[in-house]
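A quick write-up on the structure given underneath.
The values are calculated or read from the model by the stated rules, or taken from the named source; none is laboratory data. As the structure is a prediction and not an experimental result, all values here were calculated from the model. For neighbour counting, all protein chains shown are included, and Cβ atoms are generated from backbone atoms with ideal geometry for every residue, glycine included. Each accessible area value is taken on the protein alone, full model and side chains, heavy atoms only, with ligands, DNA and RNA left out. Shrake-Rupley method; radii C 1.70, N 1.55, O 1.52, S 1.80 Å.
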Amino acid sequence: MTMQPLALPVGAGIDPPGPNAPTVTMSPADTKVVAADAATWRARLHAALMPDYNRNAAVYWWAMVGLGGATLLGSAIAVAALPEAVLVQVLVGCVTAMLAAMFPVRIPGSKSSFAAGEIFIFLLLLMHGPAAAALAAAGEALVGSARTSRRWTSRLASPAMAAIAMATTGTALRSTLDAAQSLGAFNAAALMLVVMVFAIAYFLLNTLLVTLVVHLKKGEPLRLGEFFDSFGWVGITYAASSLIAALLYLTFKQVGISVLLAALPIIAMLLSTLHYHFRQRESNEAAQRVRVEAAEREVAQAAQHARALGDSERRFHSAFSHAAIGMALVAPDGQVLQVNPALCNLLGRAEADVLGRRIAGFVHPDDVDTLTHRLLNIDDQAGVDTAVELRCRQPQGREVWLAMHSGYFSEREASAPCLILQAQDITARRDAELRLHHSAFHDSLTSLANRARFAERVAGAIERCRADPLHRFAVMYLDFDRFKLINDTLGHGAGDQFLVTVASRIRHQVRPHDTVGRLGGDEFAILIEDRDAEQVAVTMAERLQHALRAPCTIAGTEISSSASIGITCSSTGYATPDEVLRDADIAMYRAKAAGRARYALFDARLRAEIADQLHLETDLRRAIETDQIDLAYQPIHDLHTGKIVSYEALARWRHPGRGPIAPEIFIPIAEESGLIGALTDRMLTRACRQLKAWQRRAGHHAAIGMHVNVSGTDLCRASLISHVTSTLLANGLQPSQLTLEITETTLMKSLDVALETMNRLRQIGVGLSVDDFGTGYSSLSSLTTLPITSLKIDRSFVQGLHDGGQNSDIVQAIVTLGDALGKSVIAEGVETPAQLAHLRKLGCGFAQGFLLACPLSADVAEVLLDRGAPISDLAQLPSPVPASIADGELTIH
Ligand code: C2E
Ligand code: CA
Ligand code: CA
């Protein structure tokens, strides 16, 4: 039995396997060799068969193949000369060796295998000499190399080298045995020893020859140490094979050929059993290896997973405990399972005080429901976070606003899922929002609800009335009767102080759930929601008036004020807060008109009046557009000469259906509806035209002047000046002949804007008169700076004139003031000769009144002018003129 090293399979060990041998990179030496023989068939053969062989390797290969071929030829000739029976044995031996080479027995755990053919080769060597063995060795190598390599260089060189190695070692063995025989030293033990030594020699020589090719190709020197290192297992199996062959040979010598015939199937069986046993073991080992590898992989994966899990847990813990935001793990029942320092900080408690307690216990009682509701509704499927803003209470009582995010959190080992809470301190933001919200809806001076907030509350009340028919509300509108006076005389600081004081008084009078608002200036409003709202409002109005009447000290001055209150109730039927406030405001004006410090209820009558006023407005518009407004002229007399110095033009409107409408009614309507501008312009135009007409007819009327009433809004529009100028020019009048009258109250209301217009009018030369002087609280200082030419003492002072009375003093003071400031003083509303006489005594310069003349039609006024009746005559008249001031149908005195 011989063994074939798998590490160096004949042929396969020489060249890389297969036709897909790499394209060879040739060394310069190779290139030279190939180039030199380029033209020859050998070069082509070389390039085709052995492209990876350098010159030395190629020479060695050819030498081996040549020598091997010669050896085989010699062996074949020698064998052919043997007797026929022996020849058959040789043939059988060769074929057996070649067949066995087809089924090598791989040694498990090693790269080597052995073929049964080696046993027969050594047996042939012992029985029939080196020639037979060389043929068998070549045959076996041919099969082996054909099995392991596809390259012809291997398939040719391997059998050649095996033949050379066998012929050489076989011949040496033969000579040794012959020498031993001739010396008589031949015995079984010696034979076995010698065969074993030669088998090893054969193996080494064969291996050497094969290895040389490889080393030559690489151009590396052969190192013997390395060579012997590879001996190992395979060399031992060669020795063992040769021992079996020697044993068989010895038995054959004693028993004859029959033993070989019997041994052949036994060996075949043995080897095939071994072959399959090893294959089985190999596949078992492979399966085992796969299992071990899989188990190892699993263990490695598990370890990696555990490491990753550990890392992630460490990361989570570090993120949890170092997080700047508060975090907690909470059981579904709200119990705190884990909490981080940031959350403990927010709650103002130590970790031990938080752990194990219900989270709701730290939340403001008003927000507990919000929290519980949110926590119950966390969707574990969607894993959606819910965020809620709520207050938490610290043990010291401080309130902290937290934005709390809560999400579903599932731990692998946990029996039940829990929640993860994340809390952020939003107290600063909340405070800022609250401040913003407060300032957006509150009056900064009094901290009461502002107009927007109050309207919002009224809207809510309207909504509640709609939902519940039994629900009622009332709104009170308060306006202070003398606020403007306080502001003007004591300054704005005092005005503010006054507002703060009254705001606090109002607050003390209302019930906790009533809403008090400051709507602007000195206007306050109160919303009362009650089944009996109207009655509550009336009672409260009386209480308020009493409380507000009490004097208060502002800036060192004791001030007493009063409020006019308008009340409206939900029973009127409202859709918007604006409607409610509008009606309460109307009621307040009604209260003011009825005499200050009163209250008035907005009722059906008031509503009808308003509707009526709306109709009047439409009619007035039409009347102005179609020039239906007439003028009456009331003279102003000079009390020294008794003569008429000017006329005051007064508007007259005879309504087609209702007859004459008093200016006190239609002038405010014109002012509110914006019609006043057009009305004033027409009055100015017609009055000036009339004056011009009088002047044209009689030259001595040239000095007569004309007074025209203007309203506060007139002084606020730029077109007034241009209209006045163009009217004067159009009629060729002197500006000094025109005087514009403005009531003291309206003048004081819009002083800032009015002043500029007044200055320009004065620059033109137009006269300016303060009407109803004494009613509007104008301060003395403002009188000195106002560009006015005359004062008209209100008729209420004139009518109360009698010796030693209070009015007498007031009129005296006004006359003195007028004189001092160089302004004319006109007394209006003179009805009796006694009043006239008194005015004269007080030194008043001019007078106007029914005693002297009613407002007259233009024609009658002209007649009066023509008569030029002196006042002394008029003073003798026994009774005052009729008080019909509406239509100018007058009695001429
Ligand atoms: P006023 O400017 O103070 O006009 C004088 C008012 O007193 C007139 O009432 C006149 O008829 C009335 N009167 C004159 N003498 C006497 C008297 O001896 N006793 C009494 N009790 N009354 C007397 P009238 O015409 O009804 O005007 C009322 C107010 O309407 C006017 O008061 C004035 O403020 C306003 N007004 C009248 N016409 C116009 C106008 O064209 N434009 C503007 N803006 N207001 C006007
Ligand atoms: Ca007037
Ligand atoms: Ca007047």
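Answer with yes or no whether Leu747 is modelled with pLDDT under 95, of a type in the set (A, V, I, L, M, F, W, C) and more than 16 Å from ligand 2 (Cβ to nearest atom).
Against the criterion (modelled with pLDDT under 95, of a type in the set (A, V, I, L, M, F, W, C) and more than 16 Å from ligand 2 (Cβ to nearest atom)), Leu747 does not qualify.
In region 471-520, what residues are open to solvent by 10 Å² or more (accessible area, probe 1.4 Å), among the aliphatic types (A, V, I, L, M) and modelled with pLDDT of 90 or more?
Those that are open to solvent by 10 Å² or more (accessible area, probe 1.4 Å), among the aliphatic types (A, V, I, L, M) and modelled with pLDDT of 90 or more: Val500, Val510, Val516, Leu519.
Restricting to region 432-470, give me the number of residues that are open to solvent by less than 60 Å² (accessible area, probe 1.4 Å) and acidic (Asp, Glu).
2
Just to be sure I understand the filter: pairs with C-beta atoms under 6 Å, separated by 6 or more residues or on different chains, first member in region 792-803 and closer than 18 Å to Gly843 by Cβ, second member within 8 Å of ligand 1 (Cβ to nearest atom) and modelled with pLDDT of 95 or more. Which pairs pass?
Lys792/Glu828; Val798/Gly829; Val798/Val830
Give me the residue from region 686-712 that is under 23 Å from Glu828 (Cβ atoms) and in a loop (DSSP other than H, G, I, E, B) and, out of that set, farthest from ligand 3 (Cβ to nearest atom).
So, considering only residues that are under 23 Å from Glu828 (Cβ atoms) and in a loop (DSSP other than H, G, I, E, B), the one farthest from ligand 3 (Cβ to nearest atom) is Ala703.
I need the full set of residues from region 51-108 which are of a type in the set (Val, Ile, Thr), under 30 Å from Arg279 (Cβ atoms) and surrounded by 15 or more Cβ atoms within 10 Å (Cβ to Cβ), in order please.
Matches in region 51-108: Val92, Thr96, Val105, Ile107.
Here is a yes/no grid of residues against (1) modelled with pLDDT of 90 or more; (2) not aliphatic (A, V, I, L, M):
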{"site": "Ala132", "(1), (2)": "yes, no"}
{"site": "Ala137", "(1), (2)": "yes, no"}
{"site": "Gly144", "(1), (2)": "no, yes"}
{"site": "Arg147", "(1), (2)": "no, yes"}
{"site": "Arg150", "(1), (2)": "no, yes"}
{"site": "Met161", "(1), (2)": "yes, no"}
{"site": "Met166", "(1), (2)": "yes, no"}
{"site": "Gly170", "(1), (2)": "yes, yes"}
{"site": "Arg174", "(1), (2)": "no, yes"}
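Restricting to region 702-718, give me the number of residues that are touching a residue at least 40 places away in the same chain (Cβ under 8 Å) and open to solvent by 20 Å² or more (accessible area, probe 1.4 Å).
5
Only one of Thr816, Thr775, Thr789, Thr757 is open to solvent by 60 Å² or more (accessible area, probe 1.4 Å) and either within 16 Å of ligand 2 (Cβ to nearest atom) or not acidic (Asp, Glu) (or both); which?
Thr816
Just checking, does region 406-413 include any residue being within 30 Å of Val502 (Cα to Cα), modelled with pLDDT under 85 and not small (Gly, Ala, Ser)?
No, region 406-413 contains no residue that is within 30 Å of Val502 (Cα to Cα), modelled with pLDDT under 85 and not small (Gly, Ala, Ser).
Modelled with pLDDT under 85, within 21 Å of Cys418 (Cβ to Cβ), open to solvent by 60 Å² or more (accessible area, probe 1.4 Å) and among the hydrophobic types (A, V, I, L, M, F, W, C): does that describe Leu309?
no
If the requirement is being at pLDDT 95 or above, away from ligand 1 (no atom under 16 Å from the Cβ) and open to solvent by less than 40 Å² (accessible area, probe 1.4 Å), which of these qualifies: Gly845, Gly805, Gly829?
Gly845
Is one or more of the residues making up region 202-215 open to solvent by 60 Å² or more (accessible area, probe 1.4 Å) and of a type outside the set (Lys, Arg)? Break it down stepwise before answering.
Residues of region 202-215 open to solvent by 60 Å² or more (accessible area, probe 1.4 Å): none.
No, the conditions are met nowhere in region 202-215.
Scan (1) in contact (Cβ under 8 Å) with a residue 24 or more places away in the chain; (2) more than 23 Å from Ala239 (Cβ to Cβ); (3) small (Gly, Ala, Ser) for the single condition Ser158 breaks and write down its number.
(2)
Which condition from (1) open to solvent by less than 50 Å² (accessible area, probe 1.4 Å); (2) touching a strand residue (DSSP E or B) at 6+ places or on another chain (Cβ under 7 Å); (3) modelled with pLDDT of 95 or more is the one that Ile624 breaks?
(2)
Which one of Ala303, Ala350 is modelled with pLDDT of 90 or more, over 29 Å from the mean Cα position of the chain (by Cα) and open to solvent by 50 Å² or more (accessible area, probe 1.4 Å)?
The conditions single out Ala350.
Identify all residues within region 825-860 that are part of a loop (DSSP other than H, G, I, E, B), within 15 Å of ligand 3 (Cβ to nearest atom) and of a type outside the set (A, V, I, L, M); write none if there are none.
Hits for region 825-860 are Glu828, Gly829, Glu831, Cys844, Gln848, Gly849, Phe850, Cys854, Pro855.
From the set of residues in region 632-663 that are closer than 18 Å to Val825 by Cα and open to solvent by 40 Å² or more (accessible area, probe 1.4 Å), which is nearest to ligand 2 (Cβ to nearest atom)?
Val645
Looking only at region 674-730, which residues are out of contact with any strand residue (DSSP E or B) (no Cβ under 9 Å at 6 or more places or on another chain), more than 14 Å from ligand 1 (Cβ to nearest atom), over 24 Å from Phe846 (Cα atoms) and among the aliphatic types (A, V, I, L, M)?
Once the filter is applied, which keeps residues that are out of contact with any strand residue (DSSP E or B) (no Cβ under 9 Å at 6 or more places or on another chain), more than 14 Å from ligand 1 (Cβ to nearest atom), over 24 Å from Phe846 (Cα atoms) and among the aliphatic types (A, V, I, L, M), region 674-730 yields Ala693, Ala718, Ile721, Leu729, Ala730.
Would it be correct to say that Ser824 is of a type in the set (Ser, Thr, Tyr) and at pLDDT 95 or above? Write out each step before concluding.
Working: of a type in the set (Ser, Thr, Tyr): yes; at pLDDT 95 or above: yes.
Spelling it out, Ser824 is indeed of a type in the set (Ser, Thr, Tyr) and at pLDDT 95 or above.
State all residues of region 671-684 that are part of a helix (DSSP H, G or I) and either at pLDDT below 95 or open to solvent by less than 40 Å² (accessible area, probe 1.4 Å) (or both); if no residue qualifies, say none. Reasoning before the result, please.
Kept after step one, since they are part of a helix (DSSP H, G or I), are these residues of region 671-684: 671-673, 676-684.
Glu671, Glu672, Ser673, Ile676, Gly677, Leu679, Thr680, Asp681, Met683, Leu684, listed by residue number.
Quick one: what pairs do we get from region 815-841, first residue under 18 Å from Thr641 (Cβ atoms), second of a type in the set (Asp, Glu) and open to solvent by less than 50 Å² (accessible area, probe 1.4 Å), C-beta under 8 Å, 6+ apart or different chains?
none
If you take just the helices (runs of 4 or more DSSP H) that sit entirely in region 123-239, which of them hold at least 1 residues that are touching a strand residue (DSSP E or B) at 6+ places or on another chain (Cβ under 7 Å) and of a type in the set (S, T, N, Q)?
Correct list: empty, since no element meets the threshold.
Looking only at region 750-781, count every residue that is within 14 Å of ligand 1 (Cβ to nearest atom), over 24 Å from Gln690 (Cβ atoms) and at pLDDT 95 or above and tell me the total.
0
Looking at Val811, is it within 16 Å of ligand 2 (Cβ to nearest atom) and at pLDDT 90 or above? First the steps, then the outcome.
On the way: within 16 Å of ligand 2 (Cβ to nearest atom): no; at pLDDT 90 or above: yes.
So Val811 fails the test.
In the set Ala286, Ala246, which member is open to solvent by less than 90 Å² (accessible area, probe 1.4 Å) and either closer than 24 Å to Leu99 by Cα or touching a Gly at 6+ places or on another chain (Cβ under 7 Å) (or both)?
Selected residue: Ala246, the only one of Ala286, Ala246 that is open to solvent by less than 90 Å² (accessible area, probe 1.4 Å) and either closer than 24 Å to Leu99 by Cα or touching a Gly at 6+ places or on another chain (Cβ under 7 Å) (or both).
Within the set of pairs 6 or more residues apart or between chains, which connect a residue that is open to solvent by 60 Å² or more (accessible area, probe 1.4 Å) inside region 596-620 to a residue that is part of a loop (DSSP other than H, G, I, E, B) with Cβ atoms less than 9 Å apart?
The qualifying pairs are Arg596/Asp481; Arg596/Arg482; Arg596/Ser562; Arg598/Ser562.
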